[in-house]
Number of protein chains: 2
Amino acid sequence: MATDQAQSEQRGETYNQFEERITRISNVGNAAGILRWDQEVVMPEEGTPARAQQLSALSSISHELLTADETGDLLESLESAELGDEQQAAVREVRRQYDRETSVPQELVEEISETSANAHPTWKQAKEEDDFEQFAPTLEKLVELKREYAEHIDPDADPYAVLFADYEPYLDLETAERVLERLREELVPLIDAIQESDVDLATNTFAGVSEPRSDGSEDGTSSVEFDDDDQEALARDVLDALGYDWGRGRLDTAPHPFSSGTQFDARVTTRFEEDDLLGSLTSTIHEFGHANYTLGLPDEAYGTPLGDSRDLTVHESQSRLWENHVGRSQPFWEQFLPTVADRFPELEDATPEEAYEAANQVYDDNLIRVEADELTYHLHIVIRFEIERDLISGDLDVEDVPEVWNDKYEEYLGVRPETDAEGCLQDIHWSHGSFGYFPTYSLGSVLAAQLYAAAEDDLGDLDDRIEAGEFDDLNGWLREQIHQHGCRYTTPDLIEEATGEEFTADYFLEYVKSKYGELYDLDDY
Amino acid sequence: MATDQAQSEQRGETYNQFEERITRISNVGNAAGILRWDQEVVMPEEGTPARAQQLSALSSISHELLTADETGDLLESLESAELGDEQQAAVREVRRQYDRETSVPQELVEEISETSANAHPTWKQAKEEDDFEQFAPTLEKLVELKREYAEHIDPDADPYAVLFADYEPYLDLETAERVLERLREELVPLIDAIQESDVDLATNTFAGVSEPRSDGSEDGTSSVEFDDDDQEALARDVLDALGYDWGRGRLDTAPHPFSSGTQFDARVTTRFEEDDLLGSLTSTIHEFGHANYTLGLPDEAYGTPLGDSRDLTVHESQSRLWENHVGRSQPFWEQFLPTVADRFPELEDATPEEAYEAANQVYDDNLIRVEADELTYHLHIVIRFEIERDLISGDLDVEDVPEVWNDKYEEYLGVRPETDAEGCLQDIHWSHGSFGYFPTYSLGSVLAAQLYAAAEDDLGDLDDRIEAGEFDDLNGWLREQIHQHGCRYTTPDLIEEATGEEFTADYFLEYVKSKYGELYDLDDY
């Protein structure tokens, strides 16, 4: 007995040291998060040189704390101890991070960091000048460095799978591939059918009191400029309506909207464009989804993996659930359109049905991912996924990227970019050396549908609640099933705990077929 | 020769290691500065628990980096090497900080930090309830802890002198005492003379279109509410006029105005009160002075003592110079009043002379330091200085503070507080454990006058330049004489380099006697 107790005390002491260490690392990371928010939102433009140094110092400190021998010793000691489930989960998460960070030489980390810092302006200029050749050598270099990086982490694994695991550690690449392939197979014909449909959605609703074009058509004209201040007031309205916790959050503008923070302080940013009221509104709702997840993490576990969010698939499932399943639903527009019309009297004659249609139009000529609708979006992702996977494996040469890109756009979406600026140079991700990130956008949407279906199953009548502006039950379900667990479960286990099923694209495909079959009056859907 | 060169390379290598180390420490400190700015200006109210942890982590990391054996070894090695003047100065500054921080046991640092964190709410409540008894035990504890702290740093020195050196390391306490004593001796009769003067200044100018009181008097009535947005626009006007570099700065509001940052990003905060246009304006100018100093530090020395500001006396000299010698001068009002009247048409009939008088009225019944005029302010400081010095030496018991405070107010200012809330509980400093901070406010004002006189001597016609709205030459002089040197010189050396004289109260006393003698038509001044 005495020995047992001594062991247990020793174990407790070791775990406390471990927790203190990882909480410090986490606090340094969260401090860096505030510095990045500040940089994007409020920093004076000439503050960059000092800010870059501050962020680099915090990043080095964090890396040194994580990869120190003390961390390794604590992990070993705890792995041979008897721990509770939660403590085991925390050890599992830190072990994974520790193994990855200690396996990559610091010089390589710095080379990647430096190369991608320099890649950014090169990419930007290449895009501005529509000149892929300018960016190609840098892209080549980043591909090589990231292959080398993956080799250090696991020389026996598919390097793209290793890179993918930086963004989604627990859903393996086979699962991602299977899901993306299925999306391609089933969405391409659905989009074809929509493009052949005779139905005209009320896509002009958010253009306000539009005047007909000279040719008599009304599509696409925007005769109203939506004032920034009114748009901001409306963004606050929608955050109010969804139940955003202002005591722990705030709304600001940023050129590229994002959300960041902790359970005590999770902030949303958005942007306003005078001709795109709907875009700002859906972007605000999307970022609310991310911030709302962060706010649902348990306070008492702050600083440990149990108080930190699961990876990108789960995070994106939260943003997409609110953006699409709530924000692009008909009951939402029944509920929220009057608020919009209060801020923008030019919309007072619009009907909820029209707003719903406008929010769900499927474009037939869009080349740009971030402007894509809920359906074609995933083909934009599939194209990037296929290309980056083949780049990393060596099956595709960098010089061939533009042509392959354009061919795939033609094949999957029926449009062919005329420039690389509108083609393979459009996204920033590869200039960051981020290969394997794109798939998580689609995986998140797929998971959103699965979670929404499970919530509907458990709660029933979600449509009625949304129409009544009651979001507490849905949010409570997400808190209980997802948010409160932090990183306690791996992603597949979390999904199974929440939905009773493995990760599946069934619900997403059901959802889009039913929704768009109805919207576009499609016989076979 | 070969040996010399090898030694020189070795020395260079050691200095590089030293610089890398202190730059990292500095970056961590500057990151903490951003977190504190965020906390005061934009953080959601419930963000405190996480923010406190983040700040504490950064503070521990910074302390550990500074006090590590590696720092001590580098210092020793550099102190026995032949270094240039600038490198020697950087080593001197870090050595001083290293010696202080390594001499105080970490447990005592944490006890002080914890005690003052808990002291803050206790002080606040005691102030709200006007009950010194509630705060007395905490104050007692803080006095004891700070005595112990001073004892660790230098057991042979006067403990108050050791504490004072935390805020002003190079002007010794004897100098501070001599200056403060002289202020008391010369300002008390000057203020007496003003109070006996028959002159009525146009103190009502900034009350706008005031209506007479029922008794026919006009004093002190404020019939206009100054709109916050207009006040903000005016604050931006004044920062524009003074030449604030918006590319490296911003203006926000905070409950207690401050400025913070680095040469790349030095921000100003202010506050607006609907009945105090002048107060917000002078506070904005004051904070401009601080930020403008920071912005003048050399970019290339960022992260080292050569790119960091000198201590509180010099910093305060910069804020007071702009606030008082510029912002409360008649030529400034000649220049700036039309801008004020543009924003506030109710002031369009006011004359520059009236505005100047209103900005320089001497109150005869004010009990509150932060509301004091340029003259009585220093007696508020002298009182605090005398009390805290005697508390630390043990010549004064905590329980006797309220009575001694009130007696001194009666003696020096002719007013006696009726409550402790308006008396010895009014300031936050002691609840932070900050003993020795107050004197630097007065020393800064004294230095401001000395610097302004030297600038006038070198440049001539400062009045004309101010009246013409030309501040570049004055600012250029400050950049060259003060800002660009960072911590290269100690405070006394910096003053001597800039003015050709030792630190002296002569110029301040000349300035106030001449200014107020004229304003109040005093025979003997």
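With a 1.4 Å probe on protein heavy atoms only, work out how much accessible surface A and B bury together, total over both chains, in Å² to the nearest 100.
Between A and B, the summed buried area is about 3000 Å².
Ordered by residue, what ³J(HN,Hα) values in Hz, to whole numbers, does segment A:345-362 give under the Karplus form 6.51 cos²θ - 1.76 cosθ + 1.60, where θ = phi - 60° and Gly and Pro are x?
x, 5, 9, 6, 8, 5, 9, x, 4, 5, 4, 4, 5, 4, 6, 10, 5, 9
Could you run the Debye sum over the Cα atoms of segment B:350-460, one equal point scatterer each and no solvent, and tell me log10 of I(q)/I(0) at q = 0.22, 0.24 Å⁻¹, two decimals?
Debye output, listed in q order: -1.24, -1.38.
Quick one: label points 7 angstrom along Cα→Cβ at residue A:95, distances to the other copies in nm, smallest first?
Label-point distances to the other copies, shortest first: 5.1 nm.
Using amide H atoms built 1.01 Å from N in the peptide plane, name the residues 5+ places from residue B:260, or on other chains, whose amide H lies under 5 Å from its own.
Sorted by chain and number, the residues that satisfy this are B:267.
Enumerate the amide H contacts of residue A:437 below 5 Å, restricted to partners 5 or more residues apart or on another chain; note that Pro and chain-start residues carry no placed amide H.
none
Using the Kirkwood radius over C-alpha pairs as Rh, can you work out the diffusion coefficient of the protein assembly as shown via Stokes-Einstein at 25 °C, viscosity 0.890 mPa s, in µm² per second?
My calculation gives 74 µm²/s for D.
Can you work out D for segment A:1-103 in µm² s⁻¹ from Stokes-Einstein, where Rh is the Kirkwood radius over C-alpha pairs, the temperature is 37 °C and the viscosity is 0.692 mPa s?
211 µm²/s
If each residue of separation counts as 0.36 nm, what is the full-extension length gain between residue B:120 and residue B:371 once their alpha-carbon separation is subtracted? Don't skip to the end; give the middle numbers.
Details: separation 251, 0.36 × 251 = 90.36 nm, distance 2.17 nm.
Net length gain for the segment: 88.2 nm.
Can you list which of the GluC sites (Glu not before Pro) found in segment B:17-112 are DSSP loop residues with at most 11 other C-beta atoms within 10 Å?
Qualifying residues, ordered by number: B:82.
If you split all Cα-Cα distances of segment B:327-400 into 5 Å bins from zero, what percentages do you get per bin, shortest first?
Reading upward from the zero bin: 3, 14, 16, 13, 13, 13, 7, 6, 6, 6, 4, 0.
In whole percent, how big is the carbon plus sulfur part of the accessible area of the protein assembly as shown, probe 1.4 Å, protein atoms only?
The nonpolar share, carbon plus sulfur, comes to 39 percent.
Roughly what % antiparallel, to the nearest 5, for the DSSP beta bridges in the protein assembly as shown?
55 percent
Per 20 Å bin, what percent of the C-alpha pairs of chain B does each bin hold, from zero upward?
So the P(r) values, bin by bin, are 20, 56, 22, 2, 0.
Does segment A:251-379 come out rounded, prolate or oblate by the C-alpha gyration tensor, with a ≥ b ≥ c the root eigenvalues, rounded set by a/c under 1.5 and, if not, prolate when a/b is larger than b/c and oblate if not?
In terms of gyration-tensor shape, prolate.
Mind listing the label-point distances from residue B:134 to the same position on all other copies, shortest first, one decimal in nm, points 7 Å along Cα→Cβ?
Nearest first, the other copies' label points are 6.5 nm away.
For residue B:513, list the lysines whose Cα falls under 28 Å from its own Cα; do not include residues on the same chain fewer than 8 positions away.
B:408
For residue A:252, which sequence-distant residues (separation of 5 or more, or a different chain) have an amide H within less than 5 Å of its own amide H, given hydrogens modelled in the peptide plane?
HN-HN under 5 Å from residue A:252: A:268, A:269, A:270.
Using only Cα atoms, what Kirkwood radius does segment B:282-337 have, in angstroms?
12.1 Å
Using a 7 Å offset from Cα along the direction of the beta-carbon, what are the separations from residue A:240 to the same position in each other copy, nm, ascending?
Label point to label point, same position, other copies: 3.3 nm.
Mind jotting down a quarter of the surface of the convex hull over the alpha carbons of segment A:405-472, in square nanometres, one decimal?
Averaging across all directions leaves 7.6 nm² for the Cα convex hull.
The values are calculated or read from the model by the stated rules, or taken from the named source; none is laboratory data. Given the structure is predicted, the values throughout are model-derived calculations rather than measurements. Note: ideal-geometry Cβ built from the backbone for every residue, glycine included; neighbour counts use all protein chains shown. Heads up: the accessible areas ignore ligands, DNA and RNA and are worked out on the full protein's heavy atoms, side chains in. Shrake-Rupley method; radii C 1.70, N 1.55, O 1.52, S 1.80 Å.
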